[in-house]
Structures are given as C-alpha cells and as structure tokens.
1. Starting from the coordinates of the alpha-carbon atoms of region 23-63, obtain the Kirkwood hydrodynamic radius over all distinct pairs and give the value in Å to one decimal.
2. Please work out how much length the chain gains when fully extended from SER90 to TRP119, using 0.36 nm per residue of separation minus the C-alpha to C-alpha distance, in nm with one decimal.
3. Out of the chymotrypsin sites (Phe, Trp or Tyr not before Pro) in region 98-136, which ones are loop residues according to DSSP with at most 13 other C-beta atoms within 10 Å?
4. Please work out the FRET efficiency for the pair ASP44 and PHE72, using the Cβ-Cβ distance as r and a Förster radius of 22 Å; give the result to the nearest 0.05.
5. Across every pair of different alpha-carbon atoms, what Kirkwood hydrodynamic radius in Å does region 39-142 reach?
6. If the chain between ALA112 and ILE55 were fully stretched, how many nm would it gain, using 0.36 nm times the residue separation less the Cα-Cα distance?
Amino acid sequence: MATSYTFGNLKSGPNQIDLIDVLALMIVPLGASMIFGIFSFSIDVFGGYDMMDPIWTLGGADLSAALFITLFGTVWIVLTNIMNSDTSHSQEAIAVFVVALVAPILTVFMPAFESLVFWHDLVQLVFFLYTTTAVTFLSYVA
C-alpha cells in the first residue's frame, strides 16, 4: 500500500505527504501553469521544443506535453493515495479530485471553458492554484 509504507526511518500515512508523490507534486504545477497560461516553458537545445506545442491533434484539440504531464501527475497521486487506501473517502475529496483532473482537460478540449479560463488573469491564476492545491490536498489527506 502506498499510504502505509516505510522507507528507511521515514514513515508515510494519512495526514502526511507520501514520498512516492513528491515527483508528481513537482510536475503538476509545472504542467498546470503552462495549460492555464501562467508561464511558458521551452527547451532551446536540439532544435528547440515548446512544451505547449501539439504532440497530437484530436478533434481539433491540440494535445501537448504540458497536458500529459499534468494528467500523469494527477492520476499518479490518485492511484497511489485514493485507490490504495483502506479508508473510504468523502464525496468532497472525490469532487476535489474530479475538478482537478477535468479542468485541464476541459481547457484543452472545450473552447467555451478555455474562454472562461482565459477571460481574465485572475481566473487563470485561480484555476492554476486550485489544481495544484487539490493534488497537494489529495496527497496529504489520503
């Protein structure tokens, strides 16, 4: 179980951030900040690559590395905490997870939701902060 393992002298459990989630907690803010337009990130070596450049186009939506990074980190935290936990989780915790997972997807796939997110700089910041806080909350509580 991911929520009750021992790594050396470091114990992990509820109301602690698990060591297995630390990498995901570092990459989710990076990916979410690019999706919600907080900042951009590009690599300039080997011809250059912008993390928001499309890898695939699906139904007119551009799937980028930033989207995959955000989804991977969020799903990783959920799989290592919520799914492997012995306790049942409240509906509020499940709703927090669903919104944190669906907001980046809707930003990419739904133009109306993207318009809402990019309506004002504060809205972008709110969605970014919600997503990063939600995954940290799920890693801590579960």
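1. It works out to 11.5 Å.
2. The SER90-TRP119 span can extend by a further 7.2 nm.
3. Here the chymotrypsin sites (Phe, Trp or Tyr not before Pro) that fit, given the DSSP loop and packing criteria, are TRP119.
4. The formula returns an efficiency of 0.40 here.
5. Evaluated on region 39-142, it is 15.1 Å.
6. My answer for the length gained is 18.3 nm.
Just so you know, all these numbers are worked out from the coordinates, no wet-lab data involved. All of these numbers come straight from a predicted model, not from anything done at the bench. A quick note on method: Cβ atoms are made from the backbone with ideal geometry, for glycine too, and the neighbour counts reach across all protein chains shown.
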